[in-house]
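The values are calculated or read from the model by the stated rules, or taken from the named source; none is laboratory data. These numbers come from a predicted model, not from an experiment. FYI the Cβ positions are ideal-geometry reconstructions off the backbone, even for glycines, and counts take in every protein chain you see.
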Amino acid sequence: MIIFDASTLILLAKIDILKIITQEREISVSKEVEAEATCRPEFLDAKIIIELIKTGKIRVIKGKNPALLKRLQEDFAIAEGEASVLLLARQRQAVLATDDGQTIKACKVLGVRFVTAIHFLLMVYYKKRISRELALVKLERLKNLGRYNARIISDAINRIEGRRRE
């Protein structure tokens, strides 16, 4: 199981690979992330997420322990949605899908394994679910939508193009 925060869920919906991911992996979100990711139902990414929740492809889990949730928010300066999924991932020893910088730092401190939208893009490319050309187009879109370090984008391009890392 992979637990998603809103940023990664929305990014994958925006680059049109979230449905592919739900065929490959079991995805869960917290109630807080569901609310955050679907608060603008007129947007295409929200429509995709709403459909995947309704069809059971994305499972919504209600969190427990509001005191610990609040403490994570305060200790790591993260929003409620990020804290809720960080707590779920930690409690269930699951991988957290996040593209939020502060949440990634919290994962490193707490020893929670994490992946980003770029990891999922590379996965669907490696599994030949999308072509090299389409993977590069989607990576460019991620570059424009997210806040990725240039080195991370360069590394992903090299991986897609089959070049060795330097």
| task | Have a look at 89, 106, 83, 79 and point out the one that is within 25 Å of residue 23 (Cβ to Cβ) and among the hydrophobic types (A, V, I, L, M, F, W, C). | result | 89
| request: Being touching a strand residue (DSSP E or B) at 6+ places or on another chain (Cβ under 9 Å) and outside any helix (DSSP H, G or I) is the filter; apply it to the range 112-150 and report the residue that is nearest to residue 72 (Cα to Cα). | output: 112
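Before we move on, is residue 87 buried (at least 16 other Cβ atoms within 10 Å of the Cβ) and assigned by TED's automatic domain parsing to the domain that holds residue 14?
Answer is yes for this residue.
Every residue, every condition in (1) within 22 Å of residue 123 (Cβ to Cβ); (2) assigned by TED's automatic domain parsing to the domain that holds residue 91; (3) surrounded by fewer than 19 Cβ atoms within 10 Å (Cβ to Cβ), yes or no:
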{"site": "10", "(1), (2), (3)": "yes, yes, no"}
{"site": "21", "(1), (2), (3)": "yes, yes, no"}
{"site": "32", "(1), (2), (3)": "no, yes, no"}
{"site": "35", "(1), (2), (3)": "no, yes, yes"}
{"site": "40", "(1), (2), (3)": "no, yes, yes"}
{"site": "50", "(1), (2), (3)": "no, yes, yes"}
| Can you tell me which of 61, 130, 104 is β-branched (Val, Ile, Thr) and not assigned by TED's automatic domain parsing to the domain that holds residue 10? | 130
| message | Quick check on this structure: which one of 3, 49, 20 is under 20 Å from residue 86 (Cβ atoms) and either in a helix (DSSP H, G or I) or among the charged types (D, E, K, R) (or both)? | response | 49
| remark: Conditions (1) farther than 16 Å from residue 21 by Cα; (2) out of contact with any helix residue (DSSP H, G or I) (no Cβ under 7 Å at 6 or more places or on another chain) -> residue 157 fails only (2)
| Number of the condition not met by residue 14 [criteria: (1) buried (at least 16 other Cβ atoms within 10 Å of the Cβ); (2) closer than 18 Å to residue 103 by Cβ] | (2)
| task | Out of the residues in the range 107-166 that are buried (at least 18 other Cβ atoms within 10 Å of the Cβ) and of a type in the set (Lys, Arg), state the one that is nearest to the chain's Cα centre (by Cα). | result | 138
